[in-house]
Amino acid sequence: MHELPVTQGILSVAIEAAEQAGGRRIVAIDLVIGTLSSIVDDSVQFYFDILSRGTLADGAVLRFRREPAILVCWDCDYRTQVVAPLPALCSACGSTRLILRDGQEFFVEAIEIEEPPPEESNNESSSRQGNSGEQ
Ligand SMILES: [Zn+2]
């Protein structure tokens, strides 16, 4: 259930970025999750949909990218991508001294913010002012 604070973190980072960009809406958020992380995509999406209601991130799409974990052998420097369950021995030399790199991270990689409206769109609205009968 630790997706809730994680999702709150994502949301506050994204909203801060959107406010700095002039209060425009957030279209999409790119997230990186390590393959060994216990974070569940669907749970993050679930909390995000609830928490983002009425904010600049309302309706934003979450895009998840799974980052592989790398297991490095201390003895022979053999590197291999791994998924859970982790191997106990180096598949190259049989050593048990293995170091896990990456695979447990979780962070916001990019935030996509709505394009500003085209600047020459006020001609139309100003010409409409004297025409109140229009429906
Ligand atoms: Zn090895």
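The values are calculated or read from the model by the stated rules, or taken from the named source; none is laboratory data. Quick caveat, the model's predicted, so the values are computed rather than measured. Quick reminder, even Gly has a Cβ in these numbers, built from the backbone with ideal geometry, and neighbours come from all protein chains shown.
If the requirement is being of a type in the set (Gly, Ala, Ser) and under 20 Å from GLU115 (Cα atoms), which of these qualifies: ALA14, ALA88?
Numbers: ALA88 fails: under 20 Å from GLU115 (Cα atoms).
Matching residue, one of ALA14, ALA88: ALA14.
Taking the range 62-82, which residues are at pLDDT below 95 and among the aliphatic types (A, V, I, L, M)?
Across the range 62-82, the qualifying residues are ALA69, ILE70, LEU71, VAL82.
Restrict the check to the range 80-103 and report whether at least one residue is closer than 27 Å to SER12 by Cβ and more than 16 Å from the ligand (Cβ to nearest atom).
yes
Taking THR55 as meeting all but one of (1) under 16 Å from the mean Cα position of the chain (by Cα); (2) closer than 18 Å to ALA28 by Cβ, write down the number of the exception.
(1)
Among the candidates ALA57, ALA69, which residue alone is over 20 Å from SER43 (Cβ atoms) and more than 16 Å from the ligand (Cβ to nearest atom)?
From the options ALA57, ALA69, the qualifying one is ALA69.
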